[in-house]
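The values are calculated or read from the model by the stated rules, or taken from the named source; none is laboratory data. This is a predicted model, so every value here is computed, not measured. Cβ atoms come from the backbone with ideal geometry, glycine included; neighbour counts cover every protein chain shown. We work out accessible area using only protein heavy atoms, side chains counted, and drop any ligands, DNA or RNA first. Shrake-Rupley method; radii C 1.70, N 1.55, O 1.52, S 1.80 Å.
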Amino acid sequence: MEQKRMFLAIAISIAILLVFQLLSARFLPQPAPVNTPAGISAPQEHPAAPAGAHIGPAPGIGAEKAAEEAEKPSPRLAIHAPAVSGSIDLRGARLDDLLLNNYRESVEPGSPLVRLLTPESQPKPYWVQFGWSAPPGANVKLPSGETVWAASAPQLSPSSPVTLSWDNGQGLEFQIALAIDDHYMLTVEQRVKNNSGASVSLFPWMRIRRDYTPQTAGYYILHEGLLGVLDDRLKEVTYANARSEGAKHEGLAFTSTGAGGWAGITDKYWLVALIPDQTQIMTASFRNVKLPNGDGYQVDFVSAAPQTISSGASVRLTERVFAGAKVVSLLDHYEQAYGIPHFDKAVDFGWFYFLTKPIFYALDWLYKLTGNFGVAILIFTVFVKALFFPLANKSYRSMSKMRLLGPKMQAIRERFKDDPARQQQEMMNLYRAEGVNPASGCLPMLIQVPVFFSLYKVIFVTIEMRQAPFFGWIRDLSAPDPTNIFNLFGLLPFDPTQISSFLQLGIWPIIMGFSMYLQQRLNPPPPDPVQARLFQFMPVIFTFMLARFPAGLVIYWTWNNLLSIVQQWLIMRNTRLSQPRMART
């Protein structure tokens, strides 16, 4: 009886895990997207500096003057790099226009490039800014959001760095030296030259602002929102948590002071992150900003202590901004090159990091050999099967013996049908006499579960899998199979998923379900009729559940089933030939 319950519990547990994944995405409350109408500008709020530092627009700029300046066309500095293109608004020195040259929104021909950063005048503002603030009571004219900077060159490129300059007319010259590499890293050096005749104390700061709530994927295995590695620990704050914590602490959702680290805002595949000077003591803050038409979110760093600049002296601070795709090899490179702690954790490899990242490395290596991530998944599956071959062999042999013992087990059940205790005792005696472990059949399924979920995580969160084709109709391994049996695979002109998301059933999930059915036929049926009936429905249940999973995962599961079928059939055949006596009752 205990063995029966064990088989049932394992099957139900795996089903619950998969169902929970689907239901969490469908029913857990998700933040609604907020679109800021065009022409509505976010308030010019700066991060609050420690030690009472005053942060705000430069003295002497009133609201009417700022509004007049905002109506004028903004001069821009063009950005041309292999991986990105866009521009910097010279009014306010904002990096607010960025396209990713190597990524498109969909696999459809002519699909637009992915836009990462957007100006404040557009419906979904998302931008990066640098600045300086003064302590309370200091009469220092500082650059503001309306300050127009002068650029030393017409465009920024990997071969052409640019310096932005502004003189406050009181002896302070502010500069922002910009350099960009071939990928997604912008190096920023903030400089101040003091020729005012007196010492000046200033707080340097930098911030990311997202003035709307984006639509998130809504999966519990994926973090989207504010994140960073601060004090050598990963900190993640969702948009909903930023709003709830911000409501308790005047907009401040999280803060940390220390040297090093990084922080930013992440989407599933894209990241905008601030990397301060790793030797400076900085205060990092995650904020919720209340806007006229919704919520905004801000991540900022500000110097924990003021930079004191003597007359005739200057100060400079080197910082970096990452704005682009979360390519794992690139994040690893930046981590090593610039000493950025745990920068690869911008990719949500999750709690099973020790499994998910090695699996990614294995798939990426196989992809470089084969040129196809789908083929890489097939080869990886063979490696996994080979790794667990001895354990699976032992398991399948035991299951084969169990199948051959079926007539003897049935005879015991009939003989002691009125005495369950004696029936169980005789069953155990039979298992011991024949050297069979009824629980060993669970092992092939159990050892697949961590690999299955780790592979799911890799396919789901890594950009390398995004829009990666396989063969035929699979043009994106990270998306579900696009075919559907309910519209005869495209012959009928309607989308069944518009009726219900459960009406998503493509070719690969059907193949997977059939392979699961064939594998089930090789296993000994549960002795209990109710359990046997439940197990008969498992292939159907799994077929519909996995139909909405990434196609790459369904291909892995199907191929794994087929390899298991071949392995199990060969073992059963050898078992029959080597132990013919077990076939007799």
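What ranking of Trp205, Trp270 comes out by heavy-atom accessible area, probe 1.4 Å, highest first?
Per-residue accessible area, sorted high to low, gives Trp270, Trp205.
What are the GluC sites (Glu not before Pro) within segment 78-163 that DSSP puts in a loop, where the Cβ has at most 13 other Cβ atoms within 10 Å?
Glu105
Hey, which of these cross-link pairs are over 20 Å Cα-Cα: Lys268/Lys290; Lys141/Lys290; Lys141/Lys193; Lys268/Lys345; Lys268/Lys368; Lys124/Lys457?
Exceeds cut-off: Lys268/Lys290; Lys141/Lys290; Lys268/Lys368; Lys124/Lys457.
Could you sort the peptides 87-98, 249-260, 186-197 by per-residue average Cβ neighbour count (10 Å cutoff), highest mean leading?
87-98, 186-197, 249-260
Mind running the shape call on segment 74-146? Use the C-alpha gyration tensor, a ≥ b ≥ c as the square roots of the eigenvalues: rounded below 1.5 for a/c, prolate if a/b tops b/c, oblate otherwise.
Since a/c reaches 1.5 and a/b is larger than b/c, the shape of segment 74-146 is classed as prolate.
Taking the Cβ of Ser160 as the centre, find all other residues whose Cβ is under 15 Å away and add up their charges (Lys, Arg: +1; Asp, Glu: -1).
Net local charge, Ser160 excluded: -2.
What net charge do the residues around Thr187 carry, taking every other residue with its C-beta under 15 Å from that of Thr187, with Lys and Arg at +1 and Asp and Glu at -1?
Net local charge, Thr187 excluded: -2.
Taking the Cβ of Ala551 as the center, what net charge do the other residues with Cβ under 14 Å away carry, scoring Lys and Arg +1 and Asp and Glu -1?
Charge balance in the 14 Å sphere: +1.
Where does each of Lys141, Lys268, Lys394 land when they are ordered by accessible area, with a 1.4 Å probe and the largest first?
Lys394, Lys141, Lys268
Calculate, axis by axis, the spread of Cα positions in segment 110-232 along the three principal axes, and write the results as whole Å, longest axis first.
Dimensions of segment 110-232 along the principal axes of its Cα atoms: 57, 36, 34 Å.
If Rh is defined by the Kirkwood formula over all Cα pairs and Rg also comes from Cα, what ratio Rg/Rh do you get for segment 444-510?
My calculation of the ratio gives 1.05.
How large, in percent, is the carbon and sulfur part of the accessible surface of segment 210-360 at a probe radius of 1.4 Å?
51
Could you check how much of the accessible area of segment 77-200 is carbon and sulfur, as a whole percent, using a 1.4 Å probe?
50
Under a Cβ-only charge scheme (Lys and Arg +1, Asp and Glu -1), can you give me the dipole magnitude of segment 219-299 about the Cα centre, in debye to the nearest 20?
180
Where the centre of each part is set by its Cα atoms, how far does segment 470-509 sit from segment 101-140, in angstrom?
35
Would you mind putting 77-83, 340-346 in packing order, based on average other-beta-carbon counts within 10 Å, highest first?
Taking the mean over residues of other Cβ atoms within 10 Å, the ranking is 340-346, 77-83.
Per the Kirkwood treatment, what hydrodynamic radius in Å, one decimal, follows for segment 148-289 from the mean inverse distance over all distinct Cα pairs?
Hydrodynamic radius (Kirkwood, Cα pairs) of segment 148-289 is 17.6 Å.
Just to verify a number: FRET efficiency for Phe489 and Leu570, C-beta to C-beta distance, R0 = 35 Å, to 0.05?
According to the calculation, E is roughly 0.55.
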